[in-house]
1. Can you tell me which residues in segment 268-285 are surrounded by fewer than 17 Cβ atoms within 10 Å (Cβ to Cβ) and either at pLDDT 95 or above or not in a strand (DSSP E or B) (or both)?
2. Give segment 1-30 a look and list any residue that's part of a loop (DSSP other than H, G, I, E, B) and without any contact (Cβ under 8 Å) to a residue 12 or more places away in the chain, or say none.
3. Looking for whichever is under 16 Å from residue 117 (Cα atoms), in the same structural domain as residue 117 (by TED's automatic domain parsing) and in contact with a strand residue (DSSP E or B) (Cβ under 7 Å, 6 or more places away or on another chain) here; the options are 72, 53. Which one fits?
4. Regarding residue 26, is this residue at pLDDT 80 or above and within 32 Å of the chain's Cα centre (by Cα)?
5. Do we have residue 146 as out of contact with any strand residue (DSSP E or B) (no Cβ under 9 Å at 6 or more places or on another chain), surrounded by 15 or more Cβ atoms within 10 Å (Cβ to Cβ) and in a loop (DSSP other than H, G, I, E, B) here?
6. In segment 31-49, which residues are outside any helix (DSSP H, G or I), modelled with pLDDT of 90 or more and under 23 Å from residue 78 (Cβ atoms)?
7. Which one is surrounded by the most Cβ atoms within 10 Å (Cβ to Cβ), of the residues in segment 184-224 that are modelled with pLDDT under 85 and assigned to a helix (DSSP H, G or I)?
8. How do the pairs read when you match residues in segment 112-130 that are free of Cβ contacts under 8 Å to residues at least 40 places away in the same chain with residues anywhere that are part of a helix (DSSP H, G or I), using Cβ under 9 Å and keeping only pairs 6 or more apart or on different chains?
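The values are calculated or read from the model by the stated rules, or taken from the named source; none is laboratory data. The shown structure was predicted, so the numbers you read here are calculated from the model rather than taken from an experiment. All Cβ positions, even for glycine, are placed from backbone atoms using ideal geometry, and neighbour counts span all protein chains on display.
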């Protein structure tokens, strides 16, 4: 089967004219389409070919669309199902969603309604495939950095270029995005890889100690200095020093760092001599240094000395399906450490991952997965296992071209699916009574 299409779709309907129209419209949208006029023929095709999506009518001679949905759900984990029907009822919609249909589309429907529904089904399929990838490929050149999104490919390219020179690097990005991993990647891909990489958290060392930690001190330099001790710059000789949270340094420390960058010399505390150092300096911040410069909170000359090369690490919410790759990677990692089987994420959990803003970025995701593996005993992680602030978070990406009716219809179906088709529970979650819910299901054309 050719795979140079957007997706491969099997359409099942006993009406030949309907099949012809659907095949023509889906082909025009870039999909490869196979057709069958009954469930028996459809099952034969499914046993011999791979399909991304099955679109099936509900009522057909012999076996029904519900029988086909059950077959797909029980035998094909990598195929999604979408129902179309000219006999739409509340009962049929609930039953179809309950046994595994992702979309329920009553006839007649427009071409746009059909294609939008197919796109949503394929998006769910892509999420599941990314999360269930059996083999996670980590960048071999850059240990610990994982991603296939355009944003991360840009970072990988910047790392490769930075590793070829010895210029200072300023790495920017929100907390938890992996700025130190980027610095380590640059160091270990450079000619300095055999020399030390020394990370320093400037915000985690008291101001009174930072100078002695960075530049060292001689015996007797201050009370308690019972021996001479080299600083981080001397420890990193021939290698790289990584100054994290550089924005937290005081004005006096910024002056001292500027001198090191300009003269490549350090003066140990209590010593009158200066010592030459051969160290590559990389710094990182989660703040806007240029804005701090304009406010007078950070030295402009130090900023330009540091900002020779700049690498911006994207937040997790802008990395697309990297979220699912990382979730799967951490899932396998911690399951292996705990000596337990690897559970899988439900579609609802994956959708919550996609919608969540991830203010703590990759670090937050890693901590969440570890906590879930400790707290969840079963073989699946569902949306109910996630923290409440994730379950009820506002979507990170909102399609502002959709009508209120479309959004409401999709949300109703999602709630129904999350409670296994239970109308009473769904109505309770939606804050309406069963009668209102039934009326909305009758009136709407969910996509």
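1. Within segment 268-285, 270, 271, 272, 273, 274, 278 meet the criteria.
2. Listed by number, the residues that qualify are 3, 4.
3. 53
4. Criteria met by residue 26.
5. When the stated conditions are applied, residue 146 passes them.
6. 31, 32, 33, 34, 35, 36
7. Among residues in segment 184-224 that are modelled with pLDDT under 85 and assigned to a helix (DSSP H, G or I), the one surrounded by the most Cβ atoms within 10 Å (Cβ to Cβ) is 207.
8. 123/354
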